[in-house]
Number of protein chains: 2
Amino acid sequence: MPLTKKSTLVLVAERAGVSIASVSRVMNGLPASQQVIDRVRAAADELGYVPDATARSLKAGKTEQIALAVADVGNPVYVGMMHEISRVVTKAGYRLVLSSTGSDPLDQIDLLTSLNRGFADGLILSPLRVTEELGQQLRASRLPIVIIGSLPPGVELDNVRADSVRGIALAVDHLAAQGRRRIAFINGPVDTVPGAARLNGYLRALTEQGHPQNADAQVGASDFTYRAGLKAAATLLDQTTPDAIVCANDLLAVAAMKVISKRGLRVPDDIAIVGMDDTDIADLAQPSITSVDLRSTKRARAAAKLLLRRLENPQAPVEQIVIEPKLTVRASSVTGAREAEL
Amino acid sequence: MPLTKKSTLVLVAERAGVSIASVSRVMNGLPASQQVIDRVRAAADELGYVPDATARSLKAGKTEQIALAVADVGNPVYVGMMHEISRVVTKAGYRLVLSSTGSDPLDQIDLLTSLNRGFADGLILSPLRVTEELGQQLRASRLPIVIIGSLPPGVELDNVRADSVRGIALAVDHLAAQGRRRIAFINGPVDTVPGAARLNGYLRALTEQGHPQNADAQVGASDFTYRAGLKAAATLLDQTTPDAIVCANDLLAVAAMKVISKRGLRVPDDIAIVGMDDTDIADLAQPSITSVDLRSTKRARAAAKLLLRRLENPQAPVEQIVIEPKLTVRASSVTGAREAEL
DNA sequence: GTGATGGCTGTAAACGTTTACGAGAACGTT
DNA sequence: AACGTTCTCGTAAACGTTTACAGCCATCAC
């Protein structure tokens, strides 16, 4: 039910008795005589004129839109990142277009070709899995792209990532310092970027601590979800008896705790737990979960700013930022600290 | 680092030795001779041509974009809804533009005027607070809008909402059936749409059950968040001793449980808890939380489909859908049911 | 052989802006 | 009084498509 017809520059110009060029100039604050300014303003107000974004985009060659593609929209971490990116780009006058790709790498390829249709000025991409073909597409893209997470080999793009190897090391060191000796690991899928990195970090941390590597002490969940975590934790506890578990994710950590309590064991007394990502869930859980903060919102902000920078200066040198993780200690890993909660 | 210059219809036409009209026809599958088709296809491939979305939009008068504005991006419920909407509109060939407004009604006004710039073909809006001015803007809008949640008075738009009055009734009835008599209520801010509806539902359910209304037995958190929930729960327990608490939100429910256990009381033995929204958190919590499922993803899907329908038939009669809630019973409200978990 | 029919294809206009260019007008300088 | 500057404003082209229209040619019926 259109109350008013769409009004254009032409309409406003007619009404104000000036040329369309003058209307455009007034709307954009370019110099004009006071008389013209007043007449145009009045006419525009009466007609409820707002300039058309599409036409402006076509002329200017830019859309004022930034595309965001994250593999796993359900994951609370990505939600936070999305929120932060939205905030930053909105403040800079851009709109955020959500291009939710599934975990399927093909979706990402599709996305990249459709990016060339020019519906956005740039892209922030956080791929779950990187393939050679994705790399090719990335290299071939004409538009600025910022990658959150690891880059495919041979790709030189602005990049922000967490040092998850160091993050796992923080967790392992903390547990070792608490006197834990049999430190197990519940990972996500090893064929994903974060999964591979975290496994790598776990193994290195064990070696550095002088602990033996025990194949039974690590399992990979089929997914970074709570459900998958329940299964993985059960498998782990069937095949070994750790006194601590590092989990690649807060969701996995909650799942582990549930299985542990189901089996009549206590956290942290019998088994200490450390999660990862430091989401709200870590804080909400009972007991609250010590978690490695991979600084997701900080990474998100950095990525957004990187993209904005490149948009205003396409020649800028490629920048690759590594964000340092930080350990937030809570009740799940420290015996006798329960009263410290809340 | 553009590897290839942007290629246009004109370039392709030159290369193929045909007119731009022919190229356009081939790209759109309109009838053409086999010879022309082959030549155009070849030329397009060599040049890596993809049609420009902006130009097409300008000509066609539609952007293939749908805007989504939710007040509280942090809330897990909205995240799920966003995900679902994204899925539906993407499948229909639309892109989703995220217009995160804060809780400030002014943001929504801004959004509505900027919608008239035509950057999207329609809007799905879930306002947290409705004001008279918002209602005016909604009535004046030229573009299709679907509202999730209550409509401002006098606004006739496609609409999807949950029957939260009935939802609360489900919770109260369930608790009453479990023999609970002193059923308290932790609400969110009462000046929000959901807050007002839930309070209303609570009062009505109490009356229908023949329970007395006790002003001490209800508190409103300053926000639908965990932190606010902690404070609200503490206040509630200071001023009354309920044997059950209905919470307007799963986050508030978790907070209540934390405070309860902090005070040495047990859930559900001393106090039964029912949450709302039935998010993952209800399932993850220890004990798991009985929750009123307000069918957020179903509502989201309905809203998306409503908008799609109106986009293809602007004359369709206004439709207002009310989705029935459903109670998911878990451990937090049933004594002796602990073993049923997992 | 003529006219009508129909299928392809090219020309050009249109979508709503921004902006280079040039024409006047107003003003100051000599 | 003539000229140069400066400022304002209108004309028109351009962004990359889609599409109405008309032209052309081949085919076919008579």
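The values are calculated or read from the model by the stated rules, or taken from the named source; none is laboratory data. Note that the structure is predicted; figures quoted are calculated from it, not measured. Quick reminder, even Gly has a Cβ in these numbers, built from the backbone with ideal geometry, and neighbours come from all protein chains shown. Note: areas computed on protein heavy atoms with side chains; ligands, DNA, RNA excluded. Shrake-Rupley method; radii C 1.70, N 1.55, O 1.52, S 1.80 Å.
Which one of these is within 7 Å of another protein chain (Cβ to nearest Cβ) and either in contact with a Pro (Cβ under 9 Å, 6 or more places away or on another chain) or closer than 19 Å to A:Asp110 by Cβ (or both): B:Leu96, B:Leu58? Step through it out loud before you land on a result.
Details: B:Leu58 fails: either in contact with a Pro (Cβ under 9 Å, 6 or more places away or on another chain) or closer than 19 Å to A:Asp110 by Cβ (or both).
Only one candidate qualifies: B:Leu96.
Say whether the condition of being open to solvent by less than 10 Å² (accessible area, probe 1.4 Å), at pLDDT 95 or above and within 30 Å of B:Val334 (Cβ to Cβ) is met by at least one residue in the range B:146-169. Yes, the conditions are met somewhere in the range B:146-169. Screening A:Ser86 with (1) of a type in the set (Gly, Ala, Ser); (2) more than 16 Å from the chain's Cα centre (by Cα); (3) away from DNA strand D (no atom under 16 Å from the Cβ) gives one miss only, at (2). The residues of the range A:199-224 that are under 24 Å from A:Glu132 (Cβ atoms) and either in contact with a strand residue (DSSP E or B) (Cβ under 6 Å, 6 or more places away or on another chain) or outside the structural domain of A:Leu237 (by TED's automatic domain parsing) (or both), listed by number, are A:Leu199, A:Gly220.
So for the range A:163-176 (the condition being in contact (Cβ under 8 Å) with a residue 24 or more places away in the chain and under 13 Å from A:Gln320 (Cβ atoms)), does at least one residue qualify? Yes, because at least one residue in the range A:163-176 is in contact (Cβ under 8 Å) with a residue 24 or more places away in the chain and under 13 Å from A:Gln320 (Cβ atoms). Scanning the range A:1-13 for residues that are at pLDDT 95 or above and exposed (fewer than 14 other Cβ atoms within 10 Å of the Cβ) gives a single hit, A:Val10. Every listed requirement among (1) free of Cβ contacts under 8 Å to residues at least 60 places away in the same chain; (2) under 9 Å from the mean Cα position of the chain (by Cα); (3) more than 8 Å from chain A (Cβ to nearest Cβ) is met by B:Val79 save one, (3).
May I ask you to list the residues in the range A:99-123 that are of a type in the set (Ser, Thr, Tyr) and within 9 Å of chain B (Cβ to nearest Cβ)?
Step one: filter the range A:99-123 for residues of a type in the set (Ser, Thr, Tyr), giving A:99-101, A:103, A:113-114.
Within the range A:99-123, A:Ser99, A:Ser100, A:Thr113, A:Ser114 meet the criteria.
For B:Asn249, the conditions (1) among the polar types (S, T, N, Q); (2) within 22 Å of B:Val160 (Cα to Cα); (3) surrounded by fewer than 23 Cβ atoms within 10 Å (Cβ to Cβ) are fulfilled apart from (3). Of all residues in the range B:121-140, those being open to solvent by 10 Å² or more (accessible area, probe 1.4 Å) and over 18 Å from the mean Cα position of the chain (by Cα) number 8. For B:Gly48, are the conditions met, namely being open to solvent by 40 Å² or more (accessible area, probe 1.4 Å), of a type in the set (Gly, Ala, Ser) and more than 13 Å from DNA strand C (Cβ to nearest atom)? Yes, satisfied. Number of residues in the range B:14-33 that are open to solvent by 90 Å² or more (accessible area, probe 1.4 Å), near DNA strand C (Cβ under 8 Å from one of its atoms) and more than 25 Å from B:Ala60 (Cα to Cα) equals 0.
In the range B:61-76, which residues are of a type in the set (Gly, Ala, Ser), at the interface with chain A (Cβ under 10 Å from one of its Cβ atoms) and touching a helix residue (DSSP H, G or I) at 6+ places or on another chain (Cβ under 8 Å)? Those that are of a type in the set (Gly, Ala, Ser), at the interface with chain A (Cβ under 10 Å from one of its Cβ atoms) and touching a helix residue (DSSP H, G or I) at 6+ places or on another chain (Cβ under 8 Å): B:Ala67, B:Gly74.
Among the conditions (1) in the same structural domain as B:Gly102 (by TED's automatic domain parsing); (2) closer than 25 Å to A:Ile260 by Cβ, the only one that B:Ile273 does not satisfy is (1). Of everything listed in (1) away from DNA strand C (no atom under 14 Å from the Cβ); (2) within 14 Å of another protein chain (Cβ to nearest Cβ); (3) out of contact with any Leu (no Cβ under 8 Å at 6 or more places or on another chain); (4) open to solvent by 40 Å² or more (accessible area, probe 1.4 Å), the single unmet condition for B:Thr90 is (3). Within the range A:29-50, the residues that satisfy the criterion of being within 13 Å of DNA strand D (Cβ to nearest atom) and of a type outside the set (A, V, I, L, M, F, W, C) are A:Gly29, A:Pro31, A:Ser33, A:Gln34, A:Gln35, A:Asp38, A:Arg39, A:Arg41. Taking the range A:38-56 as the range and being closer than 9 Å to A:Ser7 by Cβ and under 38 Å from the mean Cα position of the chain (by Cα) as the test, the residues that pass are A:Tyr49, A:Val50. If only residues of the range B:1-22 that are within 7 Å of DNA strand D (Cβ to nearest atom) and away from every other protein chain (no Cβ under 14 Å) are counted, the one that is farthest from A:Ala140 (Cα to Cα) is B:Ala21.
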